Amino acid sequence: MRSRNPVFSREGSFTRDDQYAGFGTQTATQPAGQAYGSPYAGSPYAGQQPPLTDDQLAAMYGAPSAGPARTGRMTMDDVVARTAMTLLTLVAFGALAWFTVPVDNFAPAIGAALVAMVIGLVVSFKRSVNPGLILAYAALEGFFLGAISMALETFLPGIAIQAVLGTAAVFAATLIAYKSGRIRVTPRYTRIGLTIAMGFVLLMLVNMVAVLFGADFGLRSGPLGIVVGLIGIALGAFFLTLDYAEIEEGIRQGAPEKEAWRAAFGLTLSLVWIYLEMLRLIAILRGDD
């Protein structure tokens, strides 16, 4: 299945295109010993090997089959471990910003957010997986989230923990709905969701430019702001379902273990999106426009 998720859609990620799950299957046109990876490939004696002894056959067929860990393929445990590392990095740098960035000076946080955005784009469009860049993104994004959360906490005590709990609830709800089959990631589902997402992002960009020039469409305040916030959270949940589907597909197709980092990055992006939208929605509901 070719993904439309920006994080997972490049060539070679979570697919068989680069023979991630292939082990050099011999084709009908290849003579014995010529399959890719055969120790007899190219030998003039290929196809004339002596027969295996009874002891060799017993050892070959009596041994347990190689599991994902022995073949270097990605497992769900790999995804969970890499995601935990990424989120712990994000939380650690969020705590650092919480206790060190002054409320009246957002320059460090804005700088971290801009650099994180650039790194996020590089990781998203880079074919090879770079764990260092992914952890750097998590650190910088965490620093930004920690600073903005602390600033809002000053005026709205408790908003940070409310946003964290809300994000966790969305994550759990989408995972349960996906695993139970209530949400099925079909091509039609993906097309509709991505169309709405692109329209949403474009609308937010237009609104941001309007605000810079002194205009305001009211998309982040009042009743309209609540509707926009709910749509934003729903889109974050949609991205999570794409992540779940791609992770399952990657494991099923035998993606290499390193691809677990890409899965962790995709999940982190979706959770950051939901957390920011949750912060905005709670701020509106609590009276901060």
- Given the conditions (1) out of contact with any Leu (no Cβ under 8 Å at 6 or more places or on another chain); (2) on the phi < 0 side of the Ramachandran plot; (3) modelled with pLDDT under 95; (4) not aliphatic (A, V, I, L, M), which single one is not true for Tyr137? (3)
- Query: Going by the structure shown, is Val91 within 16 Å of Thr268 (Cα to Cα) and either exposed (fewer than 13 other Cβ atoms within 10 Å of the Cβ) or more than 19 Å from the chain's Cα centre (by Cα) (or both)?
  - Reply: no
- Task: Looking only at segment 220-230, count how many residues are under 17 Å from Gly199 (Cβ atoms) and surrounded by fewer than 15 Cβ atoms within 10 Å (Cβ to Cβ).
- Result: 3
- Query: Going through segment 180-202 one residue at a time, which ones are surrounded by 12 or more Cβ atoms within 10 Å (Cβ to Cβ) and charged (D, E, K, R)?
  - Reply: none
- Count of segment 246-259 residues which are small (Gly, Ala, Ser) and either modelled with pLDDT of 95 or more or not in a helix (DSSP H, G or I) (or both): 2
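The values are calculated or read from the model by the stated rules, or taken from the named source; none is laboratory data. No experiment lies behind these values; they were computed from the predicted model shown. Don't worry about glycine lacking a Cβ; one is built from the backbone with ideal geometry, like all the others, and counts go over all protein chains shown.
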